1. So B:ILE91 clears everything in (1) part of a strand (DSSP E or B); (2) within 14 Å of chain A (Cβ to nearest Cβ) except one condition, right? Which one?
2. Can you tell which of A:GLU240, A:GLU247, A:GLU251 is at negative phi, assigned to a strand (DSSP E or B), more than 14 Å from chain B (Cβ to nearest Cβ) and surrounded by fewer than 19 Cβ atoms within 10 Å (Cβ to Cβ)?
3. May I ask you to verify whether A:ARG265 is buried (at least 19 other Cβ atoms within 10 Å of the Cβ) and either within 14 Å of chain B (Cβ to nearest Cβ) or more than 18 Å from A:VAL156 (Cβ to Cβ) (or both)?
4. Can you name every one of the strands (runs of 3 or more DSSP E) wholly within the stretch B:1-84 that holds 2 or more residues which are within 20 Å of B:LEU125 (Cβ to Cβ), more than 14 Å from every other protein chain (Cβ to nearest Cβ) and within 13 Å of the chain's Cα centre (by Cα)?
5. Please work out if A:GLY71 is surrounded by fewer than 20 Cβ atoms within 10 Å (Cβ to Cβ), in the same structural domain as A:ALA101 (by TED's automatic domain parsing) and free of Cβ contacts under 8 Å to residues at least 12 places away in the same chain.
6. Just give me the residues in the stretch A:145-180 being more than 14 Å from every other protein chain (Cβ to nearest Cβ), out of contact with any Gly (no Cβ under 7 Å at 6 or more places or on another chain) and in a loop (DSSP other than H, G, I, E, B), in sequence order.
7. Can you find, within the stretch B:109-142, the residue that is nearest to B:MET1 (Cα to Cα) among those that are among the polar types (S, T, N, Q) and not in a helix (DSSP H, G or I)?
8. From the list A:VAL321, A:VAL340, A:VAL310, exactly one residue is within 14 Å of chain B (Cβ to nearest Cβ) and either crowded, with 17+ Cβ neighbours inside 10 Å or in a helix (DSSP H, G or I) (or both). Which is it?
Amino acid sequence: MKQLASNEKVLMKGNEALAEAAIQAGCRHFFGYPITPQTEVAAYMAKRMPKIGGTYLQAESEVAAINMVYGAAAAGVRAMTSSSSPGISLKTEGISYLAGADLPALIVNVQRGSPGLGGIQPSQADYWQATKAPGHGDLHILVFAPSTIQEMVDMVFDAFELADTYRMPAMILADGMLGQMMEPISFPEKQVKQFDKFSWASCGHQGKRSHNVVNSLYLKPEQLEQMIQDRFQRYAEIQEKHTQWEEYLVEDADLVVVAYGATSRIVRSAINTARNQDYKVGMIRPKTLWPYPTKAIQQAAQHVKGFLSVEMSMGQMVDDVRLAVNGKVPVSFFGHTGGVVPTPAEVLAEIKKLLGGNQ
Amino acid sequence: MKNILLAGFGGQGVLFAGKIMATAGLFEDQYVSWLPSYGPEMRGGTANCSVCLSEEPIGSPLVLEPDVLVVMNLPSYDKFIDAVVPGGIAIIDSSLVNKRCERTDIKCFYVPATQLADEKGLKGLSNIILLGKTLRETQFAQSETVERAIEKCVPPRKQNLVQANLEAFRLGMSQQD
């Protein structure tokens, strides 16, 4: 397979574009296990990694894969794994260990219908898991929510860089639609930032320092509390500096729809039609789900008459919209779950219902 | 803006024909998206794909109400023919769909693509014949661009098939109503 020249626009499947982006961002260690609809990530890595001196390893299970990521990250290299909803549940123990050991890594979740084995069609029903409890304990991970394949590519670079900067796991929360669809993309021409991990990683002390131990076990409560409090100070800085979102036609809006990922594309189609019919509706699209754009929603709440959260779930992110709005104006929800994708017509009908005579 | 839905049996190449359309759109600097159905499809099962070509960024990539429908089997015809928007176009492989559409608000074109492919020594390229006919009736791109897209989409290890694909494409282009 030829090396893709940067800037050249190519048509690529989301899963493959994501994998190529990770390689271009310097990732040389991939550990995975097949599951629809993310299998092309692993398949692409299996093809490419051996040719560029990287490691592709199909583990015996998702649990093994995430622990291999832990090992690789502890040795100071960029490592990643990818899976889909049921497989991510298996990885949650390892994600908590990564967070507890202050290890950077990338985890990709190409969501499918759940719970249980669920189905294989697109879903956003892992929002709570990704943003509230990606593992046991007091912890956060960075969660990026791309809505186009280009954005997915760009976010892979951001995710690795922020993960290394703050020494914590990052997740790309995609869905089956983004994983399977093709769009034209170009790979960014940016220089990948290098991080010196010698001071903390278990990468050999070269006789220059005492040996490093990477661990998440702290038996003295006071020491563990201090570790967590330090981590939460970093979380606060991230919330301040790295929250990302897009505002679309929000300034004069009476109703603001909040949507992320593939769903935001459907919402955008609905909003464009609604605007043509003089409905004053806009969208706030979180690009990071943790940290969440709470302030953007708070600000909009000063001048809008209501919010509508649209998701491919029974209503999960709507909780964060309600927390941000804090009772100021009504917050409604519309969605489908189980792999059913909402249509622009349905979202448009919901917008019209809520705006009623406000046209 | 064109929303195109291609549907047929797995193995007929509806995803591949869609990829050529999207690639041609990309070559002409259009916004494009390609989305396959990805259920437990297999050879013989049904498969379809949505292609959007637009001057503006594409919202939903899922085509539920196609402007252009390309159908390659009866189950897909029955499932999607009523979804075509009024004023839309349907390109139908009449070797495999033995029905005539009764709708008067859409234009239907019947091409015996599978039979043509067999007769002309282009077995397995009925999808590309229909692609040619689709271009003829919709002008979704320049024909030279589509030929370039065909050359690009045929994988390197199958380059010997480029000529046959181009032949099938031109055959489709030449099909009268």
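1. (2)
2. A:GLU247
3. yes
4. Once the strands (runs of 3 or more DSSP E) in the stretch B:1-84 are filtered for at least 2 residues that are within 20 Å of B:LEU125 (Cβ to Cβ), more than 14 Å from every other protein chain (Cβ to nearest Cβ) and within 13 Å of the chain's Cα centre (by Cα), what remains is B:2-9, B:68-71.
5. The answer is yes for A:GLY71.
6. Result: A:ARG167, A:MET168.
7. If we take residues in the stretch B:109-142 being among the polar types (S, T, N, Q) and not in a helix (DSSP H, G or I), then B:GLN139 is nearest to B:MET1 (Cα to Cα).
8. Working: A:VAL321 fails: within 14 Å of chain B (Cβ to nearest Cβ); A:VAL340 fails: either crowded, with 17+ Cβ neighbours inside 10 Å or in a helix (DSSP H, G or I) (or both).
Result of the check over A:VAL321, A:VAL340, A:VAL310: A:VAL310.
The values are calculated or read from the model by the stated rules, or taken from the named source; none is laboratory data. Being a predicted model, the structure only gives us computed values, none of them experimental. Every residue, glycine as well, gets a Cβ built from its backbone with ideal geometry; the counts of neighbours run over all protein chains shown.
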